[in-house]
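For reference, the structure discussed in these notes is given below.
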Amino acid sequence: MTGEEDPGAELLGRVFLGRVVEAGDEAGGRWVREFGVGEVVRRLRCGGDALPGVSGTRWEGLVARARRAEPERDLEMARAAGARFVRPGDAEWPRQLDDLGDARPLGLWVRGRPNLRMWALRSVAVVGARACTEYGAHAAGTLASGLAERGWVVVSGGAYGIDGAAHRGALATHGATVAVLACGVDQPYPRGHAALIARIAEQGLVVGELPPGDHPTPSRFILRNRVIAALTRGTVVVEAACRSGSLATARAAQRLGRFTMGVPGPVTSALSAGVHELLRGEATLVTDATEVIELVGDMGELAPARRGPVLPRDLLQPAARTVLAALPGNRAAPAEEIALGARTTRDEAIARLYELRALGYVERHGDGWKLTRQAMISVRNGHRPC
């Protein structure tokens, strides 16, 4: 947009271009940057000399599409579907999308009440295979629930499999979720997710860069993924085969300098092979929401340290632990023998044995000391002795 362009005309111009120029077309983005929206619209409507960077055949195709474009009608269709058009420069525009350069969307169609820019500031993408396993669906749903419970917005593509599990996981905790579609926001795809996408639009946001009524194509899914990557602080991949489209989201996130994460799966599963390949590169292994937030969150939001169970004997002082370890497991032993095994003096060993007796670990048998039955059970099972 140049300083001379009227905001209303610029809005109509971007809606017009969204109908003419394919999403993610860097040539179109370069035209807008160099010539301004108004001039690009004028050249396409007039059908004169081609703009730089395209062949004559392609220019003719763009001009033919321009003749059929009706931006006012697109805006009316959007309003009827409860959607609005958000463009660069608007208060609601997520500025991190500017990182896409000339591949930045001309604008986004948005369904839902929340402010897209505010929600995108604290968001994480969760993507993965459409034909996922039960493990993958459970992992994605649990991860999304954990993120939503901690105040993070879960962004995904609205597709079957991992995408749907992520959206449902966030919705189940009354959390925030955004579906970025590869079609018009008034044309939910896949059809089997019509009810889910309607619920997301009611509780969260449904976003797309294609105009109302437009249908998805394989290339549009790939181009949609760059928006998911740019919109969020990081991308988590849960189950992906080596040729999975969700890996395009992860690669886009890496190019944009966003965090890229993967949830590992069985090494025998082809649906986790793509994730494992990511993890062999620059992606970070994560297993739950706290580990994701440790990467994408603010300083000090650390995941808890992973430890095994704390056994009662782990809480003993080192000297007492050494004496306890010196007791034979099948008989009573005199203090001298225990002291020798613990590499300490007899008096020190006796002092520690009385401490252990008070805690229920040992009992005295005449001149000898023996582990109690409860101590033997606690050593085997990790329970506190009575």
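Ser55 passes all but one of (1) under 22 Å from Pro212 (Cβ atoms); (2) open to solvent by 50 Å² or more (accessible area, probe 1.4 Å); which number fails?
(1)
If we scan segment 281-293, do we find a residue that is within 13 Å of Glu239 (Cβ to Cβ) and either touching a Lys or Arg at 6+ places or on another chain (Cβ under 9 Å) or buried (at least 18 other Cβ atoms within 10 Å of the Cβ) (or both)? Before you say what the answer is, go through the steps one by one.
Within segment 281-293, the subset within 13 Å of Glu239 (Cβ to Cβ) is none.
No - not one qualifying residue is present in segment 281-293.
For segment 210-228, how many residues are out of contact with any helix residue (DSSP H, G or I) (no Cβ under 6 Å at 6 or more places or on another chain) and of a type in the set (Lys, Arg)? Steps first, answer last, please.
Our first condition is that a residue be out of contact with any helix residue (DSSP H, G or I) (no Cβ under 6 Å at 6 or more places or on another chain); within segment 210-228, this holds for 210, 213-221, 223-224, 227.
Subsequent filtering for residues that are of a type in the set (Lys, Arg) retains 220, 224.
Of the residues in that region, 2 qualify.
For the subset of segment 351-386 comprising residues that are among the aromatic types (Phe, Trp, Tyr) and open to solvent by less than 40 Å² (accessible area, probe 1.4 Å), which member is modelled with the lowest pLDDT? First the steps, then the outcome.
Quick first cut of segment 351-386, residues among the aromatic types (Phe, Trp, Tyr) only: 354, 361, 369.
Imposing the further condition that a residue be open to solvent by less than 40 Å² (accessible area, probe 1.4 Å) reduces the set to 361, 369.
On the way: Tyr361: 89, Trp369: 92.
The extreme case among them is Tyr361.
Out of curiosity, is Ala23 open to solvent by less than 60 Å² (accessible area, probe 1.4 Å) and touching a residue at least 40 places away in the same chain (Cβ under 8 Å)?
It is true that Ala23 is open to solvent by less than 60 Å² (accessible area, probe 1.4 Å) and touching a residue at least 40 places away in the same chain (Cβ under 8 Å).
Hey, any hits in segment 332-345 for a residue that's under 53 Å from the mean Cα position of the chain (by Cα), at pLDDT 90 or above and over 30 Å from Ala125 (Cβ atoms)? Explain how you work it out, then say what you get.
Going through segment 332-345, the residues under 53 Å from the mean Cα position of the chain (by Cα) turn out to be 342.
With the extra rule that they be at pLDDT 90 or above, the set shrinks to 342.
If we keep only those that are over 30 Å from Ala125 (Cβ atoms) too, we end up with 342.
Yes; the residues of segment 332-345 include at least one that is under 53 Å from the mean Cα position of the chain (by Cα), at pLDDT 90 or above and over 30 Å from Ala125 (Cβ atoms).
Please tell me if Val63 is within 18 Å of Ala103 (Cα to Cα) and open to solvent by less than 80 Å² (accessible area, probe 1.4 Å). First the steps, then the outcome.
Details: within 18 Å of Ala103 (Cα to Cα): no; open to solvent by less than 80 Å² (accessible area, probe 1.4 Å): yes.
Considered against the rule, which asks whether it is within 18 Å of Ala103 (Cα to Cα) and open to solvent by less than 80 Å² (accessible area, probe 1.4 Å), Val63 comes out as no.
When you look at Glu22, is it assigned to a helix (DSSP H, G or I) and of a type in the set (D, E, K, R), yes or no?
In short, no.
Considering only segment 1-19, state which residues are open to solvent by less than 10 Å² (accessible area, probe 1.4 Å) and modelled with pLDDT under 95.
Glu10, the sole residue that qualifies.
Out of the residues in segment 202-229 meeting the condition of being surrounded by 24 or more Cβ atoms within 10 Å (Cβ to Cβ) and small (Gly, Ala, Ser), tell me which one is nearest to Leu278 (Cα to Cα).
Ala229
The values are calculated or read from the model by the stated rules, or taken from the named source; none is laboratory data. Note that the structure is a prediction, hence the values are computed from the model and not measured. Backbone-built Cβ (ideal geometry, glycine too); neighbour counts: all protein chains shown. Please note that ligands, DNA and RNA were not included when accessible areas were found on the heavy atoms of the full protein model with its side chains. Shrake-Rupley method; radii C 1.70, N 1.55, O 1.52, S 1.80 Å.
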